[in-house]
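The values are calculated or read from the model by the stated rules, or taken from the named source; none is laboratory data. On a predicted model such as this, the values are computed, not experimentally measured, just so you know. Positions of Cβ are backbone-derived with ideal geometry, glycine not excepted, and every protein chain shown enters the neighbour counts. Just the protein is used for accessible areas: all its heavy atoms, side chains included, with ligands, DNA and RNA removed. Shrake-Rupley method; radii C 1.70, N 1.55, O 1.52, S 1.80 Å.
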Amino acid sequence: MKLLHPKTSPLVDDELADEEKAIQGIKLAKNGVVSRNKARLESITDLDLLMLCAFDILVLQRYIKGTTHLGLWYPKGTGIETVVYADSDHAGDYVDRKSTSGICTFVGCCLTSWFSKKQTALAISTTEAEYVSARKACQQALWMKQALIDYDVRLDDVPIMCDNKGAIDLSKNPVQHSRTKHIEIRHHFLRDNVQKGHISIEKVSSADNIADILTKPLKRESFNYLRLGLGMMEHIP
């Protein structure tokens, strides 16, 4: 079967992208959402959804099969400079319109932790979604600082790389704006730690934000570029 052919990136051609669009259409219909052409898809059964799950598994399997030669590279003598990348895919879920956060942490040039998780609250703007992701990155940065203290390593501050100027400005500006007053207080944990100097938040271009690979499907070129940024390299026995 074609789906069993190994692939080096999850989305490699227009055909697979079309399959993804079809999957989203069925998911929308299952949840009673009207499609773009204003016609409601009907007769969607649990068996249809089961088949979609099987399709997702096959896509994952073909990617794993095509990348068994890749692995994370941890060289000797790397530094201890720590940096955290944060990104989000605003309203990326077509069903509930919630955003996905992606966080990855590097010590020196080595990837030490990462996660991709859907946000629990609905973000009404890109800035809010990015701000929530940056707050999660702040928690990760503080945990890493504390963990390194156990090894007698102390960091002055840990930079968080973010590609959204609005989120960066919000983290540094204590003024409460009407457009941001709806953001939950717990997310301002980020701003508090920026003001205390525990962490800093810096701008990175969207193309170089490594955490972007953890938030949404990407084209082959972007995916391979960011995968290399994670430290995934070809294993030579």
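What to note about this one:
- Order of exposure, largest accessible area first, which applies to T82, T8 with probe 1.4 Å: T8, T82
- Y63 paired with Y151, simple spin-label distance in nm, labels 7 Å along Cα-to-beta-carbon: 2.9 nm
- Full extension of the chain between N173 and C110 gives 19.5 nm of extra length, using 0.36 nm per residue less the Cα-Cα distance.
- Using the Karplus relation 6.51 cos²θ - 1.76 cosθ + 1.60 with θ = phi - 60°, the per-residue 3J(HN,Hα) values for the stretch 123-128 come to 8, 8, 8, 4, 4, 5 Hz, with x marking Gly and Pro.
- Sites K203 and L70 - FRET efficiency at Förster radius 30 Å, r taken between beta-carbons, to 0.05: 0.50
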